[in-house]
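What follows is a short report on a single structure.
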Amino acid sequence: MRVAIFSGACPAGGIFTSGGVPPVACAGTADPNSSNNSAETVVLADLSVTLTQTPVVDPDGAGPLPPVALSNGKVGIGGYLRYDVPFANMGDSDNVMLVASLPAQTQFVGALATGGVFVPAVQPPASPFTFTIQATRPSPPSVNLTCIVVTSAGLQTIYCRPQGNMPALADGRLPLSFGTLTFFVRVDPSVVSPSTGLTTVVRINSGSCPVGGVFNSAGLPPVPCNGTFDPDPANNTVRLRQACVTDMNLPFRRQYRTSEEDSRGNSKASSSQALAPVREDSA
């Protein structure tokens, strides 16, 4: 963005209205120092995301999901996990996409939509399943984000994109704001191996667009497009792994943050930041 002030510009026709701009050159007053008459700024993204996981007994309260008791505070096979994904933008970004890749050994059962309402009201969720969340701005209005749960090759992914905010905000644009994506999964009864781990990955970035420009299941996964530069991409991705054991307890979890993954999808250190556990709980 560039702003400038100078002497020697007049509205066309001498009347300052929309019809008289852009201005035309006219007589002005000499400025001995014109070097400070303009300024230019570059708008940057500053996107970030975190991830927490909590065992829960009953995600939907009085809804159709049956409660499943915890064992020593841990989730059992067939039980439920709640994932909270706080996200934020301290800048202003175009073509933003928030993506949560669910563990292969789980099944999406619901989410908290705008206002904290659990959806869906009827189980199982439709496929694809769509719901809306919001990000809060320093001053109203909030930013609406549409989220779509897509199943492909047995794997489930949640894609969230700023939508429905026009004319104030173009689709895909996320200004200075913060919000939380909350969803719930059921641990598949087929998880019986001590070596099995539930790995969840969440990402947020600027520069992802739905195929064909229409945000629906047919346009996903997204493709690269023009985005806003983010000077700190290290906080744009979080991986969380929780191991399973045959006694139906999940005794520990370890969370990683990294901006780089290898070809197998494993976290690794980048050249600028070493990989380290953020949190570890032992049974």
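Conditions tested, residue by residue: (1) at pLDDT 95 or above; (2) crowded, with 19+ Cβ neighbours inside 10 Å; (3) in contact with a Cys (Cβ under 7 Å, 6 or more places away or on another chain).
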site: Val99; (1), (2), (3): yes, yes, no
site: Gln107; (1), (2), (3): no, no, no
site: Thr114; (1), (2), (3): yes, no, no
site: Phe131; (1), (2), (3): yes, yes, yes
site: Val143; (1), (2), (3): yes, yes, no
site: Ala153; (1), (2), (3): no, no, no
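Looking at this structure, is Asn205 over 21 Å from Phe129 (Cβ atoms), assigned to a strand (DSSP E or B) and either open to solvent by 70 Å² or more (accessible area, probe 1.4 Å) or not β-branched (Val, Ile, Thr) (or both)? Before you say what the answer is, go through the steps one by one.
Details: over 21 Å from Phe129 (Cβ atoms): yes; assigned to a strand (DSSP E or B): yes; either open to solvent by 70 Å² or more (accessible area, probe 1.4 Å) or not β-branched (Val, Ile, Thr) (or both): yes.
In short, yes.
Quick check, is Thr182 of a type in the set (S, T, N, Q), touching an Asp or Glu at 6+ places or on another chain (Cβ under 6 Å), on the phi < 0 side of the Ramachandran plot and part of a strand (DSSP E or B)?
Details: of a type in the set (S, T, N, Q): yes; touching an Asp or Glu at 6+ places or on another chain (Cβ under 6 Å): yes; on the phi < 0 side of the Ramachandran plot: yes; part of a strand (DSSP E or B): yes.
Considered against the rule, which asks whether it is of a type in the set (S, T, N, Q), touching an Asp or Glu at 6+ places or on another chain (Cβ under 6 Å), on the phi < 0 side of the Ramachandran plot and part of a strand (DSSP E or B), Thr182 comes out as yes.
How about the stretch 221-231: which of its residues are over 28 Å from Thr54 (Cα atoms), open to solvent by 30 Å² or more (accessible area, probe 1.4 Å) and in a loop (DSSP other than H, G, I, E, B)? Show your work before the answer.
At the first step, the residues of the stretch 221-231 found to be over 28 Å from Thr54 (Cα atoms) are 222-231.
Right, trim to open to solvent by 30 Å² or more (accessible area, probe 1.4 Å) and you get 222-227, 229, 231.
Result: Pro222, Cys225, Asn226, Gly227, Phe229, Pro231.
Could you list, in sequence order, all residues of the stretch 69-95 that are part of a loop (DSSP other than H, G, I, E, B), in contact (Cβ under 8 Å) with a residue 60 or more places away in the chain and among the hydrophobic types (A, V, I, L, M, F, W, C)? Before the answer, list the steps.
Here is the first cut: in the stretch 69-95, the ones part of a loop (DSSP other than H, G, I, E, B) are 69-70, 72-73, 75-79, 90-92, 94-95.
Add one more test, that the residue is in contact (Cβ under 8 Å) with a residue 60 or more places away in the chain, and what stays is 72, 75-79, 90-92, 94-95.
Result: Val75, Ile77, Met90.
Under 7 Å between Cβ atoms, at least 6 apart or on separate chains: pull out the pairs that start in the stretch 166-182 with a residue that is free of Cβ contacts under 8 Å to residues at least 60 places away in the same chain and end on any residue that is open to solvent by less than 10 Å² (accessible area, probe 1.4 Å) and part of a strand (DSSP E or B).
Sorted first by the residue in the stretch 166-182, then by its partner, the pairs are Leu169/Val143; Leu169/Pro162; Asp171/Pro162.
When you check Arg173 against the structure, is it of a type in the set (Lys, Arg) and either open to solvent by 20 Å² or more (accessible area, probe 1.4 Å) or under 30 Å from Lys74 (Cα atoms) (or both), yes or no?
Values: of a type in the set (Lys, Arg): yes; either open to solvent by 20 Å² or more (accessible area, probe 1.4 Å) or under 30 Å from Lys74 (Cα atoms) (or both): yes.
Yes: the conditions hold for Arg173.
Could you go through the stretch 45-62 and let me know if any residue there is open to solvent by 20 Å² or more (accessible area, probe 1.4 Å), closer than 29 Å to Gly197 by Cα and at pLDDT below 85.
no
Identify all residues within the stretch 66-87 that are touching a strand residue (DSSP E or B) at 6+ places or on another chain (Cβ under 7 Å) and open to solvent by less than 20 Å² (accessible area, probe 1.4 Å); write none if there are none.
Scanning the stretch 66-87 gives Val75, Gly78, Gly79, Tyr80, Leu81, Tyr83, Val85, Phe87.
Of the residues Pro224, Pro210, Pro162, Pro189, only one is closer than 29 Å to Asp58 by Cβ and touching a Gly at 6+ places or on another chain (Cβ under 8 Å); which?
Answer to the selection: Pro189.
The values are calculated or read from the model by the stated rules, or taken from the named source; none is laboratory data. In this text, all values refer to a predicted model and were calculated from it rather than measured experimentally. A quick note on method: Cβ atoms are made from the backbone with ideal geometry, for glycine too, and the neighbour counts reach across all protein chains shown. Each accessible area value is taken on the protein alone, full model and side chains, heavy atoms only, with ligands, DNA and RNA left out. Shrake-Rupley method; radii C 1.70, N 1.55, O 1.52, S 1.80 Å.
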